[in-house]
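One structure is given here, and the rest of the page talks about it.
The values are calculated or read from the model by the stated rules, or taken from the named source; none is laboratory data. Quick caveat: nothing in here was measured; it's all calculated off a predicted structure. Ideal geometry is used to build each Cβ from the backbone, glycine not excepted, and the neighbour counts take in all protein chains shown. Please note that ligands, DNA and RNA were not included when accessible areas were found on the heavy atoms of the full protein model with its side chains. Shrake-Rupley method; radii C 1.70, N 1.55, O 1.52, S 1.80 Å.
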Amino acid sequence: MRLLLANDDGIDAPGLALLERAAREISDDVWVVAPSEKRTAAGHSLTIARPLTMIRKGERRYSCSGTPADCVLTAMTWLFGPSERPDLVLSGVNDGKNVGEDIGYSGTLGVAREATFWGIPAIAFSRVKTPVLSERDGDFVADLITKFWSRKKDWLIEGHWLSVNLPASLPAPLGLASIGRDKVGVSCEVVRSEGPKTELIVPRGRQNTTRDGDENDALARGIATVSRLKWAGETALPPEFLNSL
């Protein structure tokens, strides 16, 4: 089983190391292509018509100067031929939960979304910020991946992927949760202002809003949430919509 791992926290992120340990419990054919530095909130952006630098960091391990989605694209087009592509793409483990509006902003989910564009199943892992990671955490993630893969016929639909949010304490019970609302990027601060030029910064942080049954609610109760997401977010308009235009 060939596994491709990527993330948005960078090649040296502890969460990626955890995911890599978990992946190696499952397979001896593990590849890692991750950004050279942190790319939080990169979404699904691609680097087009500008050079990308790939650095070999070890056997089957590469850092990429681009975005999280670039990591998947370069793997599919540069590392692997059409018959060599991975069976499963794993993303994360992100340093922080991905809930609510993060569906659009998250580079971790951008990795999984890009994988579905290539017809590859994907699972994205995120976790509430946890200062200390243990070997037991890797065992829990490896067990989840194995179980999800054994049940892939029950969740795998074209254009869909799994998003898993982990609480701080593992192992944890699994639960389904609704996608709530929890906006990040809710303010900006003036760093300096000089003449016509103003420099701003958007600080880290989120609203931390929650409602019964959403991911924040479940995570607060120590539950690991599993959601099936899709890239095609279309809601069809009624045919008569155009009649009045």
Considering only residues that are in contact (Cβ under 8 Å) with a residue 40 or more places away in the chain and under 17 Å from the mean Cα position of the chain (by Cα), look in segment 121-137 and name the one that is surrounded by the most Cβ atoms within 10 Å (Cβ to Cβ). 124
Considering segment 12-62, residues that are out of contact with any helix residue (DSSP H, G or I) (no Cβ under 9 Å at 6 or more places or on another chain) and among the hydroxyl-bearing types (Ser, Thr, Tyr), and then whichever is surrounded by the most Cβ atoms within 10 Å (Cβ to Cβ), we arrive at 36
Among the strands (runs of 3 or more DSSP E) contained in segment 157-245, which hold 2 or more residues that are of a type in the set (Val, Ile, Thr)? 189-194, 197-201, 224-230
With (1) on the phi > 0 side of the Ramachandran plot; (2) open to solvent by less than 10 Å² (accessible area, probe 1.4 Å); (3) small (Gly, Ala, Ser) as the list, and residue 66 as the residue in question, which single condition is left unmet? (1)
For the structure I just gave you, tell me whether residue 42 is in contact (Cβ under 8 Å) with a residue 40 or more places away in the chain, part of a helix (DSSP H, G or I), within 29 Å of residue 215 (Cβ to Cβ) and not aromatic (Phe, Trp, Tyr). no
Kindly indicate whether residue 83 is among the polar types (S, T, N, Q), over 16 Å from residue 36 (Cα atoms) and without any contact (Cβ under 8 Å) to a residue 40 or more places away in the chain. yes
Restricting attention to segment 1-56, report how many residues are among the acidic types (Asp, Glu), closer than 16 Å to residue 89 by Cα and over 13 Å from the mean Cα position of the chain (by Cα). 4
Being open to solvent by less than 20 Å² (accessible area, probe 1.4 Å) and part of a helix (DSSP H, G or I) is the requirement here; does residue 72 meet it? yes
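Across segment 200-215, what is the total count of residues that are open to solvent by less than 70 Å² (accessible area, probe 1.4 Å) and over 20 Å from residue 106 (Cα atoms)?
First pass over segment 200-215, keeping only residues open to solvent by less than 70 Å² (accessible area, probe 1.4 Å): 203, 205-206, 209, 213-215.
Right, trim to over 20 Å from residue 106 (Cα atoms) and you get 213.
Number satisfying all stated conditions: 1.
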In segment 144-177, what residues are of a type outside the set (Gly, Ala, Ser), more than 26 Å from residue 114 (Cβ to Cβ) and open to solvent by 10 Å² or more (accessible area, probe 1.4 Å)? 171, 173
Enumeration of residues in segment 75-92 that are at pLDDT 95 or above, in contact with a helix residue (DSSP H, G or I) (Cβ under 9 Å, 6 or more places away or on another chain), open to solvent by less than 10 Å² (accessible area, probe 1.4 Å) and not polar (S, T, N, Q): 76, 86, 88, 89, 90
Given the conditions (1) surrounded by fewer than 23 Cβ atoms within 10 Å (Cβ to Cβ); (2) in a helix (DSSP H, G or I), every one holds for residue 109 apart from (1)
